[in-house]
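What follows is calculated from the coordinates using simple rules that are stated; it is not laboratory data. Since the structure is predicted, the reported quantities are computational estimates derived from the model, not experimental observations. Virtual Cβ from ideal backbone geometry, glycine too; neighbours counted across all protein chains shown.
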Ligand SMILES: [Zn+2]
Ligand SMILES: [Zn+2]
């Protein structure tokens, strides 16, 4: 009998195109599950991995916005997952459970973390192995391919928004995959949201207004109102001093990207007045468990462009060129 095989898009080293590989379907070990991928989103972080800007173990199958169904459990399964369950698999694929960060509820900062699609194979494939304890059970309303962008773009947006506390108004810098999900969430909470895009990106500005943003314009223009918080989802470090100038006393600038170009010098006066700059790193499982019901309740949807799995390189290029409004999804 022929051995059952899977298809994976493999990155051998930074700067290489992904390579289509057919190989045996791996068996889940104790504590793991085998998941059949329904869809996997392409995240900016995947581009950083491909560009060598975010470390990874090579060769690697990228992809950490995975929606799929459990098709096999490893030996001695613990937990409640069963075959047929819809799960989301996100960036945090493992944490040690014993380091000071894990023990203080900050597994996102774990000293010995595992990251899906970076330290172990991710979802640009027909099948993926994951630790059962790090799979997020998907509510029935999210048991569909369209939920994939929620698993990183949405989650990071959620974590950044929580970091903003009760801030109102909020500025969103970089109105892409995360920005267009977090904006309706914040607006639904009764906050005013201003969207800052690349100069001349009138399409994204129109989308922002359509989603209920009070203002949308170029990040080169001064904010029309003083902000309580600025969430930066773009990877351009020059946005940090710009956002800092836009926040009022006590305001916070939250950098949500995993990689950013260098931040230019700026006068201390722009930081003074108890303004803060901070970053969001990775995710906790609690972020996912609190966010998914919220996403259902607020009816969050992404604009999605689908690509077949085998067209991963073309899809990645489209994301890189900024030709995708919202999210790009690979479907096996
Ligand atoms: Zn740890
Ligand atoms: Zn991501």
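What does DSSP give for the chain in terms of the percent of beta bridges that are antiparallel, rounded to the nearest 5?
Working: 32 of 59 bridges.
Roughly 55 percent of the beta bridges in the chain run antiparallel, per DSSP.
In nm, to one decimal, how far is the residue 104 label point from the residue 225 one, both placed 7 Å along Cα→Cβ?
According to this spin-label approximation, the distance is 3.6 nm.
Which residue, 299, 165, 79, has the most motion in a Gaussian network model of the chain that connects Cα atoms within less than 10 Å?
Judging by the Gaussian network model, the answer is 79.
With the chain treated as a Gaussian network of Cα nodes joined by springs under 10 Å, which of 277, 42, 263 yields the largest mean-square fluctuation?
263
Of the DSSP beta bridges with both residues in region 54-199, give the percent that are antiparallel, rounding to the nearest 5. Let's see the in-between values first.
Numbers: 9 of 14 bridges.
Roughly 65 percent of the DSSP beta bridges within region 54-199 come out antiparallel.
Rank these for me by crowding, 116, 45, 221, 126, going from fewest to most other beta carbons within 10 Å. Walk me through the numbers before you get to the answer.
Working: 116 28, 45 25, 221 10, 126 17.
The most exposed by this proxy come first: 221, 126, 45, 116.
Taking 35 Å as R0, compute the FRET efficiency from the Cβ-Cβ separation of residue 266 and residue 96 and round it to 0.05.
Values: r = 37 Å, r/R0 = 1.06.
Result of the calculation: an efficiency of 0.40.
Taking Cα pairs under 8 Å and at least six residues apart, what relative contact order does the chain come out at, in percent? Each step should come with its number before you reach the end.
Numbers: 792 pairs, mean separation 59.0, N = 332.
Normalised by residue count, the contact order of the chain is 18 percent.
Mind ordering 62-68, 108-114 by average Cβ neighbours within 10 Å, highest first? Write down the numbers at each step before the final one.
Working: 62-68: 29.9, 108-114: 16.9.
Going from most to least packed, we get 62-68, 108-114.
For a test of the definition: using alpha carbon positions, the gyration tensor, and the 1.5 limit on a/c, classify region 155-279 as rounded, prolate or oblate.
Details: a/c = 1.43, a/b = 1.27, b/c = 1.13.
Note, shape of region 155-279 comes out rounded.
When the chain is modelled as a GNM with alpha-carbon springs shorter than 10 Å, which of 178, 226, 148 fluctuates the most?
Answer for the Gaussian network model of the chain: 226.
Please say if region 18-119 is rounded, prolate or oblate, where rounded means a/c under 1.5 for a ≥ b ≥ c the square roots of the C-alpha gyration tensor eigenvalues, and otherwise the choice is prolate for a/b larger than b/c and oblate otherwise?
Values: a/c = 1.78, a/b = 1.03, b/c = 1.72.
Verdict is oblate for region 18-119.
For every helix of n ≥ 4 consecutive DSSP H residues, a contribution of -39,500 (n - 2.57) applies; sum these over the chain, divide by its total residues, and give [θ] at 222 nm rounded to the nearest 500 deg cm²/dmol.
Numbers: 8 runs with 71 residues, N = 332.
Calculated at 222 nm, the ellipticity per residue is -6000 deg cm²/dmol.
Sort largest first and round to whole Å: the equivalent ellipsoid semi-axes of the chain, each the square root of five times a Cα gyration tensor eigenvalue. Let's see the in-between values first.
Working: eigenvalues 233, 84, 71 Å².
Equivalent ellipsoid of the chain: 34, 21, 19 Å, largest first.
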